[in-house]
Structure formats: structure tokens, C-alpha cells
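Beneath this line is the structure, given in C-alpha cells, with notes to follow.
The values are calculated or read from the model by the stated rules, or taken from the named source; none is laboratory data. This is a predicted model, so every value here is computed, not measured. Methodologically, a virtual Cβ is constructed for each residue, glycine included, from the backbone with ideal geometry; neighbour enumeration extends over all protein chains shown.
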Amino acid sequence: MAFSFLATNSRYLRANAPLTGNPMTIGFWFRSNGLNGCGVSIGKEGSTQRHNVFILPQNGLVVNAGSADSGSTAASVNSTTTFTNGQWSHAGAVYASNSSRTAYCNGGGAATNTTTLSTTPGFVDLFVGTRPAPTIGGFFTGDIAEVGIWNVALTAAEIASLAKGMTCDKIRPQNLVFYAPLVRDLQDQKGGLTITNNNGATVANHPRVYA
């Protein structure tokens, strides 16, 4: 099973951030219903500082890897490959450094932005289905599953393996710091972080993955 989100009900999941800065890779499966929204975000609530992985069906059917620093300077990049609404797809965002963020859609279409941004004072909050900064918003509508965060920059080949259905715990497990399959239970299977369900995100069908 996965979890289903509805923007009009402001549904989202929340946990403490599993790491405070770059390098970082975020990967997850999503099924969009056609509205722009943030799939996964790590940042600091009340500050503009964050990494956002947006799903943009209204702006080209692309995955957007974005960042902003505490001074509100922002930068983002769209994948060059697209997804189909109503079908399970994979989003990947690799933040190799403070001056490198790369977006992937369905294991390909890599595009990189090299604007330099600060990550001080460090990330604090992790959100699924919305973004925390500067205020909670940008709610996603659709389903999300298999959320993984690594403390390294995964390679293009590793992102492609995730998009083919490999579970997060099979890709550089020594560097995986957060893994929430979202199969009925809200559990971080890697770091043991507590995940809270806000405003009633509900259980939905899970994408096909290979354990």
C-alpha cells in the first residue's frame, strides 16, 4: 500500500530531518492526479531554507528539484523526461553540493542547476506531501510511496535502478538515512524516526517494487 494525499484537505506526513546538509539524494514513487504539488521536502519550518522535489503536471509533466537558502535565494531545475498522470512514476533529486542539484524522472532525463546556495544553519524538518518553508504549503494531490533519503549523491545508474523497482534499502544501504515504504504503517525503517500523519492521509494501492 501507499499513502494518498489531498491538497484541499492539507494532508501531509512529517518527521525530523534525517540529515542536516548536502550531499543528499531524495527518491520516491508518485502517482499524480494532475495538480502541481511538492512530493518530498527537507528544510526548516519558518525559514525559506529547503530542498523541494516538486511534481509539475501543470508545467510540463516534469519533476522539479529545487532549493532555497535562508536568505530566500532560490534555484531549481526540471527533468527533461516526463511522466503520465494517473500512472506510477519515480522522482529523483540529487543534491551533490551547495552548487549542484539534479532532477530525474523515471530514472532518466537528468538536468542540473549549478547556482550556489548556502545550507546553513541546517535542515530540521522532513515533509512528505508538502513543503515546510517559509510556511507549510504547496500540497500534493495523489499517491506517494517508497520514500528514501541518502547522505550521498547517488549515480545516474543507481537512480535508474530505483526507477526500475529496486527498493531503497538495496541501493547503498550504508548511506541510506531514511526509508519509509509507506506500506500501511508509517515507519522509518532505517533511522527509526517518528512519522506523523497530519489531516488524514489515507492508504492507497502500492506501486510494484522488488524487495
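Here are the numbers for this structure:
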quantity	calculated
Boolean, L126 is at pLDDT 95 or above, touching a His at 6+ places or on another chain (Cβ under 9 Å) and either under 22 Å from S32 (Cβ atoms) or of a type in the set (K, R) (or both)	no
Output for the range 53-75, where each listed residue is in contact with a Gly (Cβ under 6 Å, 6 or more places away or on another chain) and either under 22 Å from A157 (Cα atoms) or of a type in the set (A, V, I, L, M, F, W, C) (or both)	V53, I55
Neighbours by Cβ (under 8 Å, 6+ apart or cross-chain): first from the range 58-69, at pLDDT 95 or above; second assigned to a loop (DSSP other than H, G, I, E, B) and among the aromatic types (F, W, Y)	L61/F83; V62/F83; V63/F83
Only one of A111, A145, A180 that is within 14 Å of A93 (Cα to Cα), aliphatic (A, V, I, L, M) and modelled with pLDDT of 95 or more	A111
Count of the range 168-211 residues which are β-branched (V, I, T), exposed (fewer than 15 other Cβ atoms within 10 Å of the Cβ) and more than 23 Å from Q87 (Cα to Cα)	2
Members of the range 23-50 that are modelled with pLDDT under 95, surrounded by fewer than 24 Cβ atoms within 10 Å (Cβ to Cβ) and not β-branched (V, I, T)	K44, E45, G46, S47
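So that you can scan it fast, the table gives a plain yes or no per residue for (1) of a type outside the set (G, A, S); (2) surrounded by fewer than 24 Cβ atoms within 10 Å (Cβ to Cβ); (3) farther than 24 Å from V209 by Cβ; (4) in contact with an Asp or Glu (Cβ under 7 Å, 6 or more places away or on another chain):
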| residue | (1), (2), (3), (4) |
| --- | --- |
| N9 | yes, yes, yes, no |
| T20 | yes, yes, yes, no |
| V63 | yes, no, no, no |
| A68 | no, yes, yes, no |
